[in-house]
C-alpha cells in the first residue's frame, strides 16, 4: 500500500524552524498499530492521519510511542495540507477528533488560525521530583490533568533550563510547561517537556498554549497575546482567549512531499 506523506514545519515561516509534523491523508483508517509504527518510523514529535468525512475530516495524532488526545502543530500542518495542497480553493476545514471535539482551521492571509478548547490550569504545588528535575525552582506552579505549568520570573530562566529527562520519566505520566514573561513585543515565552510521551522537548506546542493562553490572559489583563516557544528551533503564535475557546494562529512551511509504502 502506498500512502501520501507531507512534512510541514508548523508555527514558522522559515524552513528548519518551528515544529515539524508528518501528515498522512488516508482513504480509510489503518490499524492503530500500523499508524503507530509509521509515527515511530517518522520519529517526529507527531504524525497526523486524517480521513475524509462529509464536509471535513476525521483526525488522529501519534507520537513515536503513543496516540494522543490533542496536538496543535500537527493540526496546523494538516490544515496547511488540506487548504494549500489538496483543496487550495478551501478557506476553512473542520477536523473531528476522538477526544478534543471538532477543531477548525481557517486561512487568514498567509497564516492559519485554529479554534481550540481553552484548558485553564489550577494553582497546585508541583511534585518535588519535577521541580528537582527542572533544576530551578519556579515562582509559581499550576496543574491541569497530567500537565504541570511552572512559571518563572524571566525569559532567560526558561531558556536556561536543562531538565533531567530521566528523572522526569521516573515521575510517571507527567509533562511540564515552563513559562515566563516575554520581551520585545512578545507577551510570554515557554518550553514544553514530555519525555513520558516519547518527546523530551517539543519544539513548538499548540496544545500547551491551551493552558498558557488563559493563564497569561488573566495575568496580563488582555485576551490577545503574542507567544514564542523558545526551544532550539523556536516558533511564534498569536493566541486569543474567547471564553471557553481559544484561537491559535501561525504560519506553516512545506518541507517534504512523498509516498510511503507499508
Scanning the stretch 63-81 residue by residue, those part of a strand (DSSP E or B) and under 21 Å from residue 229 (Cα atoms) turn out to be 68
The correct count of residues that are within 22 Å of residue 68 (Cβ to Cβ) and modelled with pLDDT of 95 or more in the stretch 128-153 is 9
query: Restricting attention to the stretch 150-171, does a residue exist that is within 21 Å of residue 221 (Cα to Cα) and in a strand (DSSP E or B)?
result: yes
Apart from one, (1) over 13 Å from the mean Cα position of the chain (by Cα); (2) under 24 Å from residue 47 (Cα atoms); (3) part of a loop (DSSP other than H, G, I, E, B) all hold for residue 246; the odd one out is (3)
The condition from (1) more than 19 Å from the chain's Cα centre (by Cα); (2) in a strand (DSSP E or B) that residue 84 misses is numbered (2)
If we keep only residues of the stretch 152-192 that are buried (at least 19 other Cβ atoms within 10 Å of the Cβ) and touching a residue at least 60 places away in the same chain (Cβ under 8 Å), then the residue nearest to residue 19 (Cα to Cα) is 158
Apart from one, (1) farther than 17 Å from residue 3 by Cα; (2) touching a residue at least 60 places away in the same chain (Cβ under 8 Å); (3) surrounded by fewer than 16 Cβ atoms within 10 Å (Cβ to Cβ) all hold for residue 34; the odd one out is (1)
Taking the stretch 121-142 and keeping only residues that are surrounded by 17 or more Cβ atoms within 10 Å (Cβ to Cβ), outside any helix (DSSP H, G or I) and under 21 Å from the mean Cα position of the chain (by Cα), one is left with 121, 141, 142
The correct count of residues that are assigned to a strand (DSSP E or B) and either surrounded by fewer than 24 Cβ atoms within 10 Å (Cβ to Cβ) or under 13 Å from the mean Cα position of the chain (by Cα) (or both) in the stretch 45-56 is 7
Residue pairs within 6 Å by beta carbon, gap of at least six or interchain, first lying in the stretch 211-228 and surrounded by fewer than 20 Cβ atoms within 10 Å (Cβ to Cβ), second in a helix (DSSP H, G or I), listed first then second, are 223/217
By residue number, the members of the stretch 176-222 that are more than 12 Å from the chain's Cα centre (by Cα) and assigned to a loop (DSSP other than H, G, I, E, B) are 182, 183, 184, 185, 186, 187, 198, 221, 222
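The values are calculated or read from the model by the stated rules, or taken from the named source; none is laboratory data. Model, not experiment: these values are computed from the prediction. Neighbour counts are summed over all protein chains in view; Cβ atoms, including those assigned to glycine, are modelled from backbone coordinates with ideal geometry.
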